[in-house]
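The values are calculated or read from the model by the stated rules, or taken from the named source; none is laboratory data. In this text, all values refer to a predicted model and were calculated from it rather than measured experimentally. For neighbour counting, all protein chains shown are included, and Cβ atoms are generated from backbone atoms with ideal geometry for every residue, glycine included. Accessible surface is based on the protein model in full, side chains and every heavy atom, while ligands, DNA and RNA are left aside. Shrake-Rupley method; radii C 1.70, N 1.55, O 1.52, S 1.80 Å.
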Amino acid sequence: MRKYLNLIAAITAGAVFAGKYWRRHGKNQRIHVSETEDAYRQARLRILILGSGFGGLSTALRLDRELRQQDMCSVLVVDRDNDMLFTPLLWLVANGRISPNNVVVPIRDFQRGRRFHVLHAEIERIDLQHKEVHTSAGIRPYDRLVIALGSSTSVPDLPGLRAHAIPFYTPSDALLLRNRLVDAVEAAHRTIDPFERQSWLTFVVGGAGDTGVELAAIIHDYLHAGLFREYPWLIDASVRIVVVGRSERVLPTSKPQTSNLVHFVLEQEGITVLTGRSITAASEKAVETTHETIPARTLFWAAGITAPEVVRQLAVPQARNGAIKVDNFLRIPGYPEVYVIGDSSWPYDSTTGAPIPATAQAASHQGDYVGKAITLEESGKPVPAFRYTTLGHLALLGHYKGVAELGPWTVDGVVAFLLWHLAYLVRNPSWVKRIRLVIDWALSAILGRDIGQLRTEAEVYERTKVATREARVGKSPLDRGG
Ligand SMILES: Cc1cc2nc3c(=O)[nH]c(=O)nc-3n(C[C@H](O)[C@H](O)[C@H](O)COP(=O)(O)OP(=O)(O)OC[C@H]3O[C@@H](n4cnc5c(N)ncnc54)[C@H](O)[C@@H]3O)c2cc1C
């Protein structure tokens with residue numbers, strides 16, 4: 001025993017020493033570079049990147065590698081947030097396995113020792129004619145523009161849908177999902193009406209693409225591996241999770257073999273998969289589809305994305321969701337100096353003509369290509385058209401379950417689960433976050449899921465509104481039933 005304690009003490013002391021040494025010597029040696037607005041304006045080549053997500057950041061990193069020797073070039077990244085949101089990890093916030101802080105990577109960390117600059121500002125308007133971008137911090141002109149502004153979940157304007165469907169795109173959405181599951185379970189615990197209890201314990205997910213199936217699996221996982229431990233009576237209750245998709249199969253853009261496997265895994269977990277139908281309306285107590293009415297109190301939305309308003313405003317050819325149609329070089333036709341990448345663009349593979357999916361993987365690949373294309377252009381060399389090659393397809397399907405499509409192979413179960421974790425650990429651009437993630441995973445495996453309710457800003461605001469309304473009619477907010 002004493003031997004082990006000594007070993008643990010030695011490892012801890014070593015880690016603390018290494019951390020202190022790295023913070024003092026490693027991190028600080030790679031200083032930040034930060035130029036003035038004048039320096040940007042006077043540069044011979046001004047490259048403006050809008051968005052510091054997967055696409056924007058990979059463009060900046062590629063340009064940094066390629067343009068190191070060119071002093072007359074300035075690269076400016078503009079984003080309203082100070083960090084990059086690593087969306088694939090949002091599932092692990094939702095199922096209580098990691099802290100919400102660990103899904104974001106501070107942009108300033110990347111800037112250290114690199115040659116691109118960062119402006120923290122809202123992008124208000126893009127003026128393609130005058131080659132300038134209006135931001136909350138003033139106007140920035142450009143010689144090359146890279147639009148990488150991503151997308152957000154679009155909930156269709158159908159009866160009751162916008163009022164009742166909960167989207168899933170941000171860390172607050174992940175916390176809200178947890179809160180809503182806890183609220184639903186508590187409400188089911190309170191009621192004695194069996195019909196009402198069943199509707200509280202029915203969770204509907206709109207959309208059977210990647211996000212929809214992963215969302216359904218995560219709800220199942222959080223209930224079974226997290227909440228049910230604290231609500232043992234629920235283990236025998238009939239919890240219902242229903243995925244509704246318009247296509248005839250789940251994951252319609254994947255190989256049929258992968259779709260069938262995912263369908264099988266979901267049904268094995270007890271998740272109901274309803275394909276070939278659409279959700280047409282929602283109310284506080286039910287979700288209507290083209291085929292049936294599902295009594296349910298909670299509806300999550302994971303179908304369809306839309307480009308940001310600032311992109312939709314551009315008078316250039318767009319797809320139905322506002323994404324900009326680009327040529328084989330990811331440029332806007334008629335504007336050779338403007339590239340659009342990631343979810344804000346609507347590209348096709350230059351050889352196969354196949355549509356390129358709106359994924360983090362594709363956005364990073366496109367960003368890397370654009371960084372290279374700009375340097376080739378600058379040195380007068382020919383630029384090849386963009387070709388998309390996928391590294392594979394991973395889906396996390398809950399507790400030690402997943403599906404991985406790697407070239408001609410499809411694997412599932414614990415192997416896919418481990419591959420998923422390994423892939424996103426490797427792809428996470430920050431060493432600090434990687435270490436924190438591994439610690440979070442280990443802690444959740446040992447200590448269990450976090451089932452605390454951290455209320456989001458919107459929920460607190462909603463509560464304040466209710467309290468104010470009740471105070472006005474002379475009712476104490478503490479009088480609310482329950
Ligand atoms: C829950 C979830 C899970 C996902 N899982 C996966 C996965 O496992 N694998 C995968 O490949 N893809 C996954 N995706 C998809 C992936 O997140 C997107 O395809 C990817 O983020 C697109 O990259 P992007 O660079 O286009 O945009 P983003 O990464 O979204 O970056 C856009 C940036 O633009 C900024 N911005 C937008 N508008 C403005 C403005 N007006 N002013 C200033 N800044 C602005 C934003 O702050 C943001 O930083 C997932 C998505 C979700 C929601």
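Going by a ≥ b ≥ c, the root eigenvalues of the Cα gyration tensor, does region 60-165 fall in the rounded group (a/c under 1.5), the prolate group (a/b larger than b/c) or the oblate group?
On the way: a/c = 2.88, a/b = 1.40, b/c = 2.05.
Here region 60-165 falls in the oblate category.
How many percent of the accessible area of the chain is carbon or sulfur, using a 1.4 Å probe?
Within the chain, the accessible surface is 56 percent carbon and sulfur.
Taking a probe of 1.4 Å, how large is the accessible area per residue of region 272-335, in Å²? Show your work: numbers first, answer last.
Numbers: 2800 Å² over 64 residues.
So region 272-335 comes to 44 Å² accessible per residue, rounded to a whole number.
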Whole number please: convex hull volume per residue of the Cα set in the chain, in Å³?
200
Can you give me the long-range amide H partners of GLN318? Hydrogens built in the peptide plane at 1.01 Å from N, cutoff under 5 Å, separation of 5 or more residues or another chain.
LYS325
Determine how large the accessible area of ASP157 is when every protein chain is in place; take a 1.4 Å probe and give Å² rounded to the nearest 10.
120
Volume in Å³ per residue [convex hull over Cα atoms, computed for region 192-249]:
86
Rounded to whole Å, give me the distance from the Cα center of region 83-114 to that of region 290-369.
23
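Given the chain, what percent of its DSSP beta bridges are antiparallel, to the nearest 5?
Numbers: 31 of 66 bridges.
In the chain, DSSP labels about 45 percent of beta bridges as antiparallel.
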Given a 1.4 Å probe and the protein chains all in place, what does the accessible area of ASP236 round to, in Å² to the nearest 10?
140
Karplus (6.51, -1.76, 1.60) ³J(HN,Hα), θ = phi - 60°, over region 319-332, in Hz, Gly and Pro reported as x:
7, 4, 8, x, 5, 7, 6, 10, 8, 5, 10, 6, 9, 6
GLU284, GLU377, ranked by accessible area, largest first (probe 1.4 Å)
GLU284, GLU377
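Rounded, prolate or oblate: which fits region 282-407, taking a ≥ b ≥ c as square roots of the Cα gyration tensor eigenvalues, rounded meaning a/c under 1.5, else prolate when a/b beats b/c? Don't jump to the answer; show the numbers that get you there.
Values: a/c = 3.12, a/b = 1.71, b/c = 1.82.
Verdict is oblate for region 282-407.
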Excluding ligands, DNA and RNA, what is the solvent-accessible area per residue of region 88-140 at a probe of 1.4 Å, expressed in Å²?
37
Only sites in a loop by DSSP and with at most 15 other Cβ atoms within 10 Å count here; which GluC sites (Glu not before Pro) in region 239-273 make the cut?
GLU248
Calculated SAXS-style log₁₀ I(q)/I(0) at q = 0.14, 0.18 Å⁻¹ - region 340-435, Debye, Cα scatterers
-0.68, -0.96
With the cut-off at 1.5 for a/c, could you classify region 160-270 from its C-alpha gyration tensor as rounded, prolate or oblate?
prolate
Using protein chains only and a probe of 1.4 angstrom, how many square angstrom of ARG387 are accessible, to the nearest 10?
110
With the other protein chains left in place, how much accessible area per residue, in square angstrom, belongs to region 163-255 at a 1.4 angstrom probe?
40
